[in-house]
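Right, one structure below, let's go through it.
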């Protein structure tokens with residue numbers, strides 16, 4: 001077990017740390033904004049006039065992505081459902097709307113790859129440091145598990161990661177069951193596991209699962225995006241192993 005210190009907060013008897021991916025380890029803002037714009041254009045080509053409202057729903061305003069918005073924090077399935085709701089408002093049936101949304105998002109995927117999104121400064125260093133300290137390290141993302149696997153493989157992080165987990169079923173953040181599943185797969189108790197994330201959902205999920213603590217990271221300095229965190233940091237190198 002190890003002691004983790006962030007600013008003036010100390011967490012004792014820690015066995016594992018679970019990280020969110022997008023916005024925490026990976027600088028995905030440009031990719032997510034481009035993905036939202038591409039998906040909106042594809043849907044708008046089929047249903048003229050829906051593109052702009054969809055972009056607003058996705059949390060995209062011009063060249064700005066809302067770090068607390070749908071595209072930034074929701075799972076793929078949640079994004080499909082949200083897009084389908086806008087499509088259904090045009091008078092289409094729900095099943096048809098879901099199909100249009102799914103196919104459009106899949107088509108947008110073919111043009112873009114989030115594997116090329118860069119790591120945030122300090123990501124590799126902190127993962128190496130935690131691995132050397134014999135701590136178990138996991139990734140629990142709202143992205144799919146396949147996307148998490150691609151991210152780890154592309155950036156060659158496999159030597160430092162013990163768990164690569166996304167959202168593939170019907171349980172989404174902030175459901176505590178996701179964090180409990182991650183801890184079970186890591187072979188640790190939630191009470192000895194920290195969560196590091198960039199959203200309120202990450203904080204709520206871990207807190208409701210009785211995690212050892214919640215570390216909120218906000219690269220843009222907006223602490224309300226990680227409301228509920230035990231401590232808020234601006235850089236990953238603020239996580240210190242004592």
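The values are calculated or read from the model by the stated rules, or taken from the named source; none is laboratory data. All values derive from a computational prediction rather than experimental measurement. Using ideal geometry, Cβ is built from the backbone for each residue, glycine included, and neighbour counts are taken over all protein chains shown.
Summary of computed values
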| quantity | calculated |
| --- | --- |
| Enumeration of residues in the range 25-58 that are outside any helix (DSSP H, G or I), surrounded by fewer than 22 Cβ atoms within 10 Å (Cβ to Cβ) and within 15 Å of the chain's Cα centre (by Cα) | 27 |
| Subset of the range 67-78 [buried (at least 16 other Cβ atoms within 10 Å of the Cβ) and either touching a helix residue (DSSP H, G or I) at 6+ places or on another chain (Cβ under 8 Å) or at pLDDT 90 or above (or both)] | 67, 68, 69, 70, 71, 72, 73, 74, 76, 77 |
| Residues (touching a residue at least 24 places away in the same chain (Cβ under 8 Å) and either out of contact with any helix residue (DSSP H, G or I) (no Cβ under 7 Å at 6 or more places or on another chain) or not assigned by TED's automatic domain parsing to the domain that holds residue 8 (or both)) located in the range 226-238 | 230, 231, 233, 235, 238 |
| So residue 92, is it touching a helix residue (DSSP H, G or I) at 6+ places or on another chain (Cβ under 9 Å), under 21 Å from residue 172 (Cα atoms) and surrounded by fewer than 19 Cβ atoms within 10 Å (Cβ to Cβ) | no |
| Residue among 22, 61 that alone is surrounded by 20 or more Cβ atoms within 10 Å (Cβ to Cβ), within 21 Å of the chain's Cα centre (by Cα) and on the phi < 0 side of the Ramachandran plot | 22 |
